[in-house]
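Reviewing the structure listed below.
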Amino acid sequence: MTDASKRCLLCGDPQQPSAAMYESAGYLTEHGVEFEQMEWQGDVSAAEFRDVTMDMESRGPGDYDASAIAENLDGIEFLVVHKAPVSRAVFEQGEDLEVVAAARGGTENVDTAAADEHDVTVLHAPGRNADAVADYAVSFALSVHRRIPHFVETTGRGEWDLEFDPQGLPRDVTNLTIGVVGFGNVGRKVAQRWTGFGPEILAYDPYVDEETTREHDATPADLDEVLQKADVVSIHARLTDDTHHMLDAAAFEQMREDALLVNTARGGLVDTDALVEALQSESIGGAALDVFEEEPIPEGHPLLDLDNVWLSPHTAGSTRDAVYNGARIVAADLEAIIEGREPTHRVE
């Protein structure tokens, strides 16, 4: 590609409007990029849109109407989306397309096979919400460990619920062992945040070498060691066929009786039925969950009746900066392409 003018379509949605995309990527006008903006499903609420996109992760983009996007592609070389579907039909109609950029970590909404067939480069934005998720995971664990939700609720009701028996008091965080399962962008940032408190940090990730793990202030360990030793087990793995239900009944049997499970990654990493049984039998101490196998949590679900579980609505990655980071990351790669350099986040 050259420095010649390029036309870019920013296709926003209820979770990442095109105006936010432009705020992050608009500086590319300095490179001659001309922007157009549109919204996909802009008339639905962000909550309703989440249901659509969660479904798309399993069904793929081909089952969704992308005609409004395709109709706006005449003369467009760069297409930036968040979670809008970029199906085969989009590539077939977008004769001028050179790059499709998903301003998110995954590319489940992009038909990457069709992109390859049409010689279109696909970019994505891994790590866009890594800081947000890491902040939340550590904060969630700390608040549960120090019983902050309990004290806020009971004191607000006029109670003064102090504990005086040393056996019932939490330990200092510096004396805990933290287990991090999955040591990619998020897992490493989680370890970084825990490091300031001084606990021992064990990390399991079969795709990360020991040297890299130690460089990020964690001790390499296999999954069994993490489960057996950790006071807090924090999950940050990707959901794949291999990692589906990686924490099952056998895993919970290995965990400490007072251990806390924290999941801000994907609900499918945990066997929910096995977790409920472990919580009901108190074979583990508790669970702090932001993600679930079925979202929203169905009415009457047993997780809703447990006293040793803390739940939040898949919000760990939702910060203002995370929204803007997606377009910022792909814009940097578009700039690289315009200048004839290799983009950092090309999907192979």
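Observations on the model:
- Test: residue in the stretch 61-78 that is within 19 Å of the chain's Cα centre (by Cα), surrounded by fewer than 20 Cβ atoms within 10 Å (Cβ to Cβ) and not in a strand (DSSP E or B): no
- Count - residues of the stretch 186-238 that are among the acidic types (Asp, Glu) and part of a loop (DSSP other than H, G, I, E, B): 5
- Residue identified as touching a Gly at 6+ places or on another chain (Cβ under 8 Å) and of a type in the set (Gly, Ala, Ser) among Ala287, Ala265: Ala265
- Hits in the stretch 1-37 - residues which are more than 28 Å from Glu294 (Cβ to Cβ), touching a Phe, Trp or Tyr at 6+ places or on another chain (Cβ under 9 Å) and either charged (D, E, K, R) or surrounded by fewer than 18 Cβ atoms within 10 Å (Cβ to Cβ) (or both): Lys6, Arg7, Glu23, Gly26, Thr29, Gln37
- For the residues Thr243, Thr264, Thr213, the requirement of being among the polar types (S, T, N, Q), surrounded by 23 or more Cβ atoms within 10 Å (Cβ to Cβ) and touching a helix residue (DSSP H, G or I) at 6+ places or on another chain (Cβ under 7 Å) singles out Thr264.
- Restricting the stretch 38-47 to residues that are of a type outside the set (Ser, Thr, Tyr) and closer than 20 Å to Ala322 by Cα, the residue that is surrounded by the most Cβ atoms within 10 Å (Cβ to Cβ) is Trp40.
- Only one of Ala274, Ala250 that is free of Cβ contacts under 8 Å to residues at least 12 places away in the same chain and farther than 16 Å from Ala203 by Cβ: Ala250
- Taken over the stretch 319-348, the criterion of being within 19 Å of the chain's Cα centre (by Cα) and either modelled with pLDDT under 95 or part of a helix (DSSP H, G or I) (or both) is satisfied by Arg320, Asp321, Ala322, Val323, Tyr324, Asn325, Gly326, Ala327, Arg328, Ile329, Val330.
The values are calculated or read from the model by the stated rules, or taken from the named source; none is laboratory data. Just so you know, these numbers come straight off a predicted model, no measurement behind them. Counting neighbours? That spans all protein chains shown, and the Cβs are built from the backbone with ideal geometry, glycine included.
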